[in-house]
1. Filter the range 108-155 down to the residues that are more than 31 Å from the chain's Cα centre (by Cα) and among the polar types (S, T, N, Q), then identify the one that is nearest to Ala203 (Cα to Cα).
2. Among the residues that make up the range 324-338, is at least one of them out of contact with any Cys (no Cβ under 7 Å at 6 or more places or on another chain), polar (S, T, N, Q) and surrounded by fewer than 24 Cβ atoms within 10 Å (Cβ to Cβ)?
3. Which fully enclosed helices (runs of 4 or more DSSP H) of the range 194-284 have 2 or more residues being not assigned by TED's automatic domain parsing to the domain that holds Arg346?
4. Take the residues of the range 301-315 that are over 24 Å from the mean Cα position of the chain (by Cα) and not in a loop (DSSP other than H, G, I, E, B): which is surrounded by the most Cβ atoms within 10 Å (Cβ to Cβ)?
5. Can you tell me which condition Ala231 does not meet? The list is (1) within 22 Å of Tyr97 (Cβ to Cβ); (2) over 13 Å from the mean Cα position of the chain (by Cα), and all the others hold.
6. Considering each of Gln237, Gln264 in turn, give the residue that is crowded, with 19+ Cβ neighbours inside 10 Å and among the polar types (S, T, N, Q).
Amino acid sequence: MNKKHSARPPKQQQSPRAGNASRREPAAPAQPQQGSERAPGQTQRTSAQAPRQYGKSAAAALGNRRPAATQPQGSAKPARRSAPTPRLAASAPSKSYEVQEQMELLTFLLQEVKGEGRNAIKAMLSRGQIAINGTPQRVYNYLLQPGQTVTVSKERIIETPPLIGLTILHEDADVIVVIKEAGLLSIATDQESELTAYRQLTAHVRASNPSGRIFVVHRLDRDTSGVMMFAKSENVQQQLQTTWQDTVKERTYIALVEGKVRKQEDTISSYLKESKTLKMYSTSNQPDAQHAVTHYKVLEQNSNFSLLEVSLETGRKNQIRVHMEDIGHPIVGDKKYSSRSKALNRLGLHARVLAFVHPTTGKLVRFESDIPRAFFQPFKEGFTRK
């Protein structure tokens, strides 16, 4: 293993490669085989995007922060879909409009839908032919927010089951940004036929557009939670993947690891290779090994645990998990990479921030999610699980 600390090696340019696993989802082309933190390429980080400085108590500063999405035009507050998302008959023609500024639904429809009067539009609302971000809406004075998508159908929109384990942070004509809960697969392989984020979002977009499709840009492991993005067209998918290292400006994770990390801030550099048992490991520089660089910073710690903010310079399969094992502080709950702790009932890894240049508008957008509250439990007085 070749590890270097505190010195950042030059960034490498890399384009995504097709993975080995075939997909059950018919709408998804072959994607890079990615782990918790792998992406098609690597991110760039400037001093302006360096991790925030935290005080003595990360829990006080971060624990109750709501998910944030900073965009030039704003966005609706993320809300879990408690009501069923809709679905259209395949033959039902529909048209979608993106909201640019805050206004009431009826006013928006009168402005955008040509050839229809006030009474006709009210009738469409009452018949359930209008949907906002895929959810039917009958209230004519509903207050729209920038970034929402309004769909007008020629037939009544039929409701389908709600999203499970997913919260939509943002949706427009090109991308969908979500928070995935731990335990949900991003996308299935031939050996996995269960519910996935991909399948649910495919049904979601087809509710307002029967020919709509979802395309995987990157993914999170089943046991990793946090922010991830999907494309709504193959062109956008390819654009994001081929320019990933330039497009993504910030990609930050929170990791709860075993033990008290000695260095408060450091860089880990090694070469990663996959074993015959599909486990990644660090090795010396080899032609078939991939260079991986991880930066971390301690947010909070005690004698048994450390809470780290981790940023990626490269995006390799299981990169964070391997590097934490390399320095002797495996991620809590990560049995695959030597963790023995039972402090959490899940993997202690969360994708907190994703900031990227929008593929169509060219503007920087940033999405942030809460640190799971369970990650702060080991630092509370009286906590005894190890």
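The values are calculated or read from the model by the stated rules, or taken from the named source; none is laboratory data. Since we're looking at a predicted model, the values are computed, not measured. Every residue, glycine among them, receives a Cβ derived from its backbone with ideal geometry; neighbour counts consider all protein chains shown.
1. Ser126
2. Step one: filter the range 324-338 for residues out of contact with any Cys (no Cβ under 7 Å at 6 or more places or on another chain), giving 324-338.
Now narrow it down to the ones that are polar (S, T, N, Q): 338.
Filter once more, so that each one left must be surrounded by fewer than 24 Cβ atoms within 10 Å (Cβ to Cβ): 338.
For the range 324-338, residues out of contact with any Cys (no Cβ under 7 Å at 6 or more places or on another chain), polar (S, T, N, Q) and surrounded by fewer than 24 Cβ atoms within 10 Å (Cβ to Cβ): present.
3. Details: elements: 197-208, 234-242, 244-247.
It comes to 197-208.
4. The initial filter retains those residues of the range 301-315 that are over 24 Å from the mean Cα position of the chain (by Cα), namely 301-305.
Filter again for not in a loop (DSSP other than H, G, I, E, B), leaving 301, 305.
Working: Gln301: 19, Phe305: 25.
Of everything passing the filter in the range 301-315, Phe305 is surrounded by the most Cβ atoms within 10 Å (Cβ to Cβ).
5. (2)
6. Result of the check over Gln237, Gln264: Gln237.
One line per residue, one yes/no per condition, for (1) in contact with a Pro (Cβ under 6 Å, 6 or more places away or on another chain); (2) more than 29 Å from Gln241 (Cα to Cα); (3) assigned by TED's automatic domain parsing to the domain that holds Glu250; (4) modelled with pLDDT of 95 or more:
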site	(1), (2), (3), (4)
Ala292	no, no, yes, no
Ile320	no, no, yes, yes
Ile327	no, yes, yes, yes
Ile331	no, no, yes, yes
Tyr337	yes, no, yes, yes
Leu349	no, no, yes, yes
Phe356	no, no, yes, yes
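Yes/no matrix, rows are residues, columns are (1) out of contact with any Phe, Trp or Tyr (no Cβ under 8 Å at 6 or more places or on another chain); (2) of a type in the set (Ser, Thr, Tyr); (3) at pLDDT below 95:
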| site | (1), (2), (3) |
| --- | --- |
| Ser211 | yes, yes, yes |
| Gly226 | no, no, no |
| Val236 | no, no, no |
| Gln239 | yes, no, no |
| Asp246 | yes, no, yes |
| Ile254 | no, no, no |
| Gly259 | no, no, no |
